[in-house]
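Here the structure comes first, spelled out in structure tokens, and everything after it is commentary.
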Amino acid sequence: MGVQAMRGGRRKALIGVGVLLALLVAALVVVQQTSGGSDRAVSEVAAAPARSSPTVGSDSAASDAAAPEAAVPPASGGQAAVVPLGGRRELVRTAELGVEVAEPASAVRRIRTAVVVAGGFVAEERSVGAGSRLVLRVPAEALDRMVDDVGALGQVTARSGEVLDATGEIVDLDARVASQTASVARVRALLAEAATISDVMAVESELARREADLDSLTGRLGVLRDQVALSTLTVDVRATAAPAPVEPGGPAFLDGLAAGWAGLTAVGAAAAAVVGFVVPFVPVLAVLGGIAWLVRRIVRARRAPAPAGGRGGPGLDGES
């Protein structure tokens with residue numbers, strides 16, 4: 001009985017150890033599968049930018065654009081996108097026009113009406129004094145007609161125009177938008193396959209970055225297409241300078257009288273200025289003259305001979 005009890009205890013111990021080992025092996029397998037899936041998701045997210053980078057002229061951008069998701073393939077071999085022969089050119093046109101008119105307010109009203117009829121709008125308007133400056137956005141095909149209509153309102157004083165070929169840039173942006181759209185779609189697919197919180201966070205961060213790049217590219221493309229579709233015309237409206245009035249006939253009597261009066265006034269002013277300059281010196285000259293006269297009299301009185309009677313008083317009195 002004792003031996004059989006010992007053998008039964010050993011069997012139970014071995015069975016318990018075997019069950020414990022089986023549980024440990026199963027736990028290790030589960031951990032390895034989980035870590036392997038996480039590493040695979042992160043590696044796919046890290047590798048995705050290299051496959052769908054929107055860099056212009058790079059081999060990776062060319063390979064991404066050639067994928068089934070890309071609608072417009074960019075140029076390959078590290079070269080910029082080129083428009084096929086016979087393709088429509090994407091042109092950004094701008095023009096400036098200076099006009100002198102007799103009535104600026106009426107001309108501005110007519111310009112506003114002409115812009116609306118042409119299918120455009122007034123983007124900016126500033127009025128300074130008797131003139132105005134308007135920035136018009138009109139359809140590209142109506143720009144030349146609009147310039148002629150505005151120039152017919154008065155005398156053209158200045159005229160200029162500029163054309164920018166944006167075909168290559170628009171084609172390149174189209175390709176980059178298509179490539180980035182496909183890249184965002186692939187990252188969203190990875191997000192749907194993420195199994196753990198760390199996988200979800202990594203994929204969402206990458207998805208946010210790529211969506212921001214896509215929004216930036218889409219915005220740039222929209223601005224360029226708007227500039228191509230609507231040309232910009234800047235109009236400077238000024239009032240015509242009025243000529244100086246010319247009086248008919250030669251000088252009349254009143255003109256001569258006015259000229260004489262002006263000359264008399266000038267002479268009087270000059271005389272008054274001379275008098276005003278001399279008046280301050282009159283008291284000084286009077287004092288100096290009185291001193292000179294007194295000295296002269298004293299000298300003459302000393303040189304005169306004394307009278308015979310020995311009295312000089314009457315003689316002096318008589319002389320004085």
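Summary table below
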| quantity | calculated |
| --- | --- |
| Test: residue in region 191-213 that is within 28 Å of the chain's Cα centre (by Cα) and in contact (Cβ under 8 Å) with a residue 24 or more places away in the chain | yes |
| Selection count, region 142-176, where residues are under 13 Å from Ala95 (Cα atoms) and in a helix (DSSP H, G or I) | 9 |
| Meets criteria (part of a strand (DSSP E or B), surrounded by 17 or more Cβ atoms within 10 Å (Cβ to Cβ) and in contact (Cβ under 8 Å) with a residue 24 or more places away in the chain) for Val187 | no |
| Filter pass, Ala241 being of a type in the set (Gly, Ala, Ser), within 57 Å of the chain's Cα centre (by Cα) and either at pLDDT 80 or above or exposed (fewer than 10 other Cβ atoms within 10 Å of the Cβ) (or both) | yes |
| Qualifying positions in region 141-155 - in contact with a helix residue (DSSP H, G or I) (Cβ under 9 Å, 6 or more places away or on another chain), surrounded by fewer than 19 Cβ atoms within 10 Å (Cβ to Cβ) and not basic (Lys, Arg) | Asp149 |
| Qualifying positions in region 177-213 - among the β-branched types (Val, Ile, Thr) and closer than 30 Å to Val92 by Cα | Val177, Thr181 |
| Test result for Asp215, closer than 30 Å to Val115 by Cα and surrounded by fewer than 19 Cβ atoms within 10 Å (Cβ to Cβ) | no |
| Residue check for Thr232: closer than 27 Å to Leu136 by Cα, in a helix (DSSP H, G or I), hydroxyl-bearing (Ser, Thr, Tyr) and under 31 Å from the mean Cα position of the chain (by Cα) | no |
| Among (1) in a helix (DSSP H, G or I); (2) at pLDDT below 85; (3) surrounded by 10 or more Cβ atoms within 10 Å (Cβ to Cβ) - the single one Leu294 does not satisfy | (2) |
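The values are calculated or read from the model by the stated rules, or taken from the named source; none is laboratory data. As the structure is a prediction and not an experimental result, all values here were calculated from the model. Neighbour counts are summed over all protein chains in view; Cβ atoms, including those assigned to glycine, are modelled from backbone coordinates with ideal geometry.
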